[in-house]
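Take a look at the structure set out below.
The values are calculated or read from the model by the stated rules, or taken from the named source; none is laboratory data. Only a predicted model underlies this, so the values are computations on that prediction, with no experimental measurement involved. FYI the Cβ positions are ideal-geometry reconstructions off the backbone, even for glycines, and counts take in every protein chain you see.
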Amino acid sequence: MGSTARYEEYDTTPRLTGHAASRMGSRRINQDDVTNVMNYGHCYHVRGAVVYALGHRESELWRKEGLRLERVEGLQVVCAAEDDTVITVYRNNDFSSLRRRNTRWSP
């Protein structure tokens, strides 16, 4: 299960890899969008990376607080686990790949 990520340290723009900057440009995602997802979305630890995601539920929750985050609904930001450098950014409304699965093997 994810945890709500509210980090004041992201008042500035997060560090981006060249790949992330390229993908953001081609997908019309700006740095403010990435910062908003990292500040107000959920944080998941998946496959050795940290994924910040903001869905409809989080958007509705923050709307009650006066924030308008509809533009970033479905946005997922994949970051390096060591230093939160943004690796890639994409839109995907299916968050099922971010859920914890039973990793035990059973015969």
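In this structure, is Ala49 of a type outside the set (D, E, K, R), in contact with a strand residue (DSSP E or B) (Cβ under 7 Å, 6 or more places away or on another chain) and surrounded by fewer than 20 Cβ atoms within 10 Å (Cβ to Cβ)? Yes. Just wondering, is there one or more residues in the stretch 9-23 that are assigned to a helix (DSSP H, G or I), modelled with pLDDT of 90 or more, hydrophobic (A, V, I, L, M, F, W, C) and at negative phi? Yes.
Each residue in the stretch 38-60 was checked for being in a strand (DSSP E or B) and without any contact (Cβ under 8 Å) to a residue 40 or more places away in the chain, and 4 of them qualify. Applying the set (1) modelled with pLDDT of 90 or more; (2) over 15 Å from the mean Cα position of the chain (by Cα) to Trp105 leaves exactly one unmet item: (1). Scanning the stretch 79-91 for residues that are closer than 15 Å to Ala21 by Cβ, of a type in the set (A, V, I, L, M, F, W, C) and surrounded by fewer than 19 Cβ atoms within 10 Å (Cβ to Cβ) yields Ala80, Ile87. Does any residue of the stretch 25-36 turn out to be of a type outside the set (Gly, Ala, Ser), assigned to a strand (DSSP E or B) and buried (at least 20 other Cβ atoms within 10 Å of the Cβ)? Checking the stretch 25-36: not a single residue is of a type outside the set (Gly, Ala, Ser), assigned to a strand (DSSP E or B) and buried (at least 20 other Cβ atoms within 10 Å of the Cβ). Would a scan of the stretch 54-65 turn up a residue that is under 16 Å from Thr13 (Cβ atoms), buried (at least 19 other Cβ atoms within 10 Å of the Cβ), modelled with pLDDT of 90 or more and under 10 Å from the mean Cα position of the chain (by Cα)? Within the stretch 54-65, none of the residues are under 16 Å from Thr13 (Cβ atoms), buried (at least 19 other Cβ atoms within 10 Å of the Cβ), modelled with pLDDT of 90 or more and under 10 Å from the mean Cα position of the chain (by Cα). Kindly check whether there is at least one residue in the stretch 77-91 that is modelled with pLDDT of 90 or more and in a helix (DSSP H, G or I). Checking the stretch 77-91: not a single residue is modelled with pLDDT of 90 or more and in a helix (DSSP H, G or I).
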